[in-house]
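All of the numbers you see were taken from the coordinates with simple rules; none came from a lab. These figures come from a predicted structure and were not determined experimentally. Positions of Cβ are backbone-derived with ideal geometry, glycine not excepted, and every protein chain shown enters the neighbour counts.
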Amino acid sequence: MTTTDTDEQAAFLTKLRAFQGTEAGTEVGADPVNQAMIRHWVEAMGDQNPVYVDPDAAAQSVHGQVIAPAVMLQAWVMRGIRGRPAQGGSPRDELMGMLDDAGFSSVVATNSEQEYDRMLHLGDHLRTRTVIDSVSEEKHTGLGVGHFVTTRVEYETTEGEPVGRMLFRILKFKPGTGRSAAPSDDAARRPLRPRPALTQDNAFFFDGAKQHRLLIQRCAQCGRLRHPPGPRCPRCGSYEWNAQEASGRGTVYSFVVNHYPQVPAFEYPLAVGLIELEEGTRLVANVVGIDPSDVAVGLAVEVEWLDEDPDLTLPAFKPRA
Ligand SMILES: [Zn+2]
């Protein structure tokens, strides 16, 4: 890279970062929170909790009335594809236009993190305020050279009561500059592996994975280990917890070998194990380094780290030497 390239990149980044903190527009939901949309959602998700659809059951719950699933937050203000205004105008459109013009014309969503202030009830009418939170420096990713753009969306009622917020991150990248540009490499041509749903409870696990540390949540009160992570100890009820690093050794407690349906991010047949760690907790992970037809219950395994892409490292397990 020449000095001129670096200077141009720095100047471009300065222009992009001028958008950080900029208000990128407001939106009002087309409809208030309503039973019909909730019903379609929970049926599609297979969620049978009556608190979402049965007024009598909901009245007897801690909520006292029907609530919307928290993760529907985005649905209440999201516009349909035909409801989009013509491009141009908002600072966000301007930023995207600058990236497009510089060749970063492809886009992929990489992260979505939501926080909720309270449950939503029938009749709540929401609006959003969107702020451009950050623009990354130029990054080399598996998909290509690009910039991550993070927006923060604040959700509130039309009366102005805050109800939640969402961080949404996209990668704007130059097509043909990633690993996928090498046509001989089938593995590199695969799309990114689906992101785990990150919460305040499980973020430590994935942060640990990035450092190749297999962590188990431990109750700070009674010492009980638990996985998957959760807010409260099932034994003593304490909300206090810390984490313990696992040895990485375990055995296959159960497994499946998946052939169909085939999701493009994975290779098939795909061995997925329920691994019982030496420490006693179990976790779901890929079983690697072995012909899937040779995986067996009781197989002694040890952790192997899969650095899938710059944002995602996952534990897998291979037969122990
Ligand atoms: Zn406990």
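Annotation for the range 202-298: trypsin sites (Lys or Arg not before Pro) lying in DSSP loop with at most 15 further Cβ atoms inside 10 Å of their Cβ are Arg232, Arg235.
Could you check how many percent of all C-alpha pairs in the range 101-254 are farther apart than 19 Å? Walk me through the intermediate numbers first.
Details: 8244 of 11781 pairs.
Summing the P(r) of the range 101-254 above 19 Å gives 70 percent of all pairs.
Using DSSP to call loops (not H, G, I, E or B), can you name the trypsin sites (Lys or Arg not before Pro) in the range 11-103 whose Cβ has at most 11 other Cβ atoms within 10 angstrom?
On the way: sites: Lys15, Arg17, Arg39, Arg79, Arg82, Arg92; in loops: Arg79.
Taking the range 11-103 and a limit of 11 other Cβ atoms within 10 Å, the loop trypsin sites (Lys or Arg not before Pro) found are Arg79.
The eigenvalues of the Cα gyration tensor, multiplied by 5 and square-rooted, give the range 259-321 an equivalent ellipsoid with semi-axes of 19, 16, 11 Å from largest to smallest. The ellipsoid that matches the Cα gyration tensor of the chain has semi-axes, each √(5λ) in whole angstrom, of 35, 32, 19, with the longest given first. For the range 170-299, the percent of C-alpha pairs falling in each 10 Å distance bin, counted from 0 to the bin holding the largest distance, reads 11, 30, 32, 19, 6, 1.
Restricting the chymotrypsin sites (Phe, Trp or Tyr not before Pro) of the range 235-273 to loop positions (DSSP other than H, G, I, E, B) with no more than 12 neighbouring Cβ atoms within 10 Å leaves Tyr239.
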